[in-house]
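J.: Questions regarding the structure given below will be posed in turn.
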Amino acid sequence: MNLFDIMGPVMVGPSSSHTAGAVRIGRMGRRLLGEDTPRSARIDLSGSFAATGQGHGTDRAIVAGLLGMQTDDERIARSFELAREAGMDVRFARVSLPGEHPNTARLCLTGKSGRQLSIVASSLGGGRIMVVEIDGLRASFSGDLPTLIVQNSDQPGHVSDVATMLAHKGVNIATLNLYRDHPGGNAVMIIETDKAVPPEGIAWLERTEGIHRVTFVGTENGK
């Protein structure tokens, strides 16, 4: 535990859960999409986010994160206006996501290239977040460590492919979690690492048969 775990993040208020955490959820969506400002964003708010999020600025905070703002950016309150200026179409809905943390949002994003992404993420308090679903598949990662996300067909050999590439590039695995919708269907690997994965390793995976999408999310300090 460090000082920021106790005191919370440097942020624009009023709430570390509803505001700072929401900014980080938006930033994570932007980073996973792998593009600058999305062309469109449908944002579904659940639980406490839906009930009290507007008063706490949760809606504006998520949009601010999608625009690339940090938790202490004084422009957060103007994020709707800035999103319009950037050409981002934003729509909100209140939904029920049973079984999820009370402070949870689902982001359905479309990039300017046409690339689409759906994530479900929760704000755990103190500005900490957890991504719990990617494109309909369960997940569990915070973004606090460098994270490699591999979406692939559920067939033998892909875990070995990823592990071999990381070993060849000298990248140590911190955690590895596997999720799938059903045997032989779609699967996702979430691999947290000790350092950044080189671009050439990611490119090699993208060319591997049966791997549909590879995303690397570095930490906020670039490591």
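J.: Assuming 0.36 nm per residue, please report the length gained on full extension of the stretch ARG207 to GLN155 beyond their Cα-Cα distance. Let's see the in-between values first.
T.: Values: separation 52, 0.36 × 52 = 18.72 nm, distance 1.61 nm.
Computed gain between ARG207 and GLN155 is 17.1 nm.
J.: On to the next question. Using amide H atoms built in the peptide plane, which far-off residues or other-chain residues are under 5 Å from HIS212 H to H?
T.: The answer is GLN151, ASN152, SER153.
J.: Another question, if that's okay. What per residue convex hull volume, in Å³, comes out for the chain when only alpha-carbon positions are used?
T.: Numbers: hull volume 27.1 nm³, N = 223.
Once divided by residue count, the hull of the chain is 122 Å³.
J.: Please calculate how many Å² of accessible area region 139-223 carries per residue, with a 1.4 Å probe and no DNA, RNA or ligand atoms counted. Kindly include the intermediate steps, with their values, before the conclusion.
T.: Details: 4250 Å² over 85 residues.
Accessible area per residue: 50 Å².
J.: Rounded to the nearest percent, how much of the accessible area of the chain (1.4 Å probe, protein heavy atoms only) is carbon and sulfur? Show your work: numbers first, answer last.
T.: Working: 5240 of 10540 Å².
Its accessible area is 50 percent carbon and sulfur atoms.
J.: Add -39500 (n - 2.57) for each DSSP H run of 4 or more in the chain, then divide by its residues: what number comes out at 222 nm, to the nearest 500 deg cm²/dmol?
T.: Numbers: 7 runs with 62 residues, N = 223.
Helix-only estimate at 222 nm: -8000 deg cm²/dmol.
J.: Here's something else I'd like to know. Where does helix 158-168 land angle-wise versus the long Cα axis of the chain, in degrees 0 to 90, nearest 10?
T.: The angle comes out near 90 degrees.
J.: Can you tell me, using C-alpha contacts under 8 Å and at least 6 residues apart, the relative contact order of region 37-81 as a whole percent? Could you put the intermediate results ahead of the total?
T.: Working: 24 pairs, mean separation 16.8, N = 45.
About 37 percent, as a whole number.
J.: Here's a follow-up. Once the Cβ-Cβ distance between LEU176 and SER40 is put in as r, and R0 is 45 Å, what FRET efficiency do you end up with, to the nearest 0.05? Don't jump to the answer; show the numbers that get you there.
T.: On the way: r = 33 Å, r/R0 = 0.73.
E between LEU176 and SER40, to the nearest 0.05, is 0.85.
J.: Using the Cα centre of the chain as the reference point, and only Cβ charges (+1 on K/R, -1 on D/E), how large is the resulting charge dipole? Debye, rounded to the nearest 20. Could the numbers behind the result be given before it?
T.: Working: 23 positive and 24 negative charges, 73 e Å.
For this selection, approximately 360 debye.
J.: Given that compact globular proteins tend to follow 2.2 N^0.38 Å, what is the ratio of the alpha-carbon Rg of region 38-134 to that value? Intermediate values should be presented prior to the final figure.
T.: Details: Rg = 12.8 Å, N = 97, 2.2 N^0.38 = 12.5 Å.
After normalising by residue count via 2.2 N^0.38 Å, the value is 1.02.
The values are calculated or read from the model by the stated rules, or taken from the named source; none is laboratory data. Keep in mind that what you see is a predicted model, and the values were worked out from it rather than measured. Ideal geometry is used to build each Cβ from the backbone, glycine not excepted, and the neighbour counts take in all protein chains shown. Please note that ligands, DNA and RNA were not included when accessible areas were found on the heavy atoms of the full protein model with its side chains. Shrake-Rupley method; radii C 1.70, N 1.55, O 1.52, S 1.80 Å.
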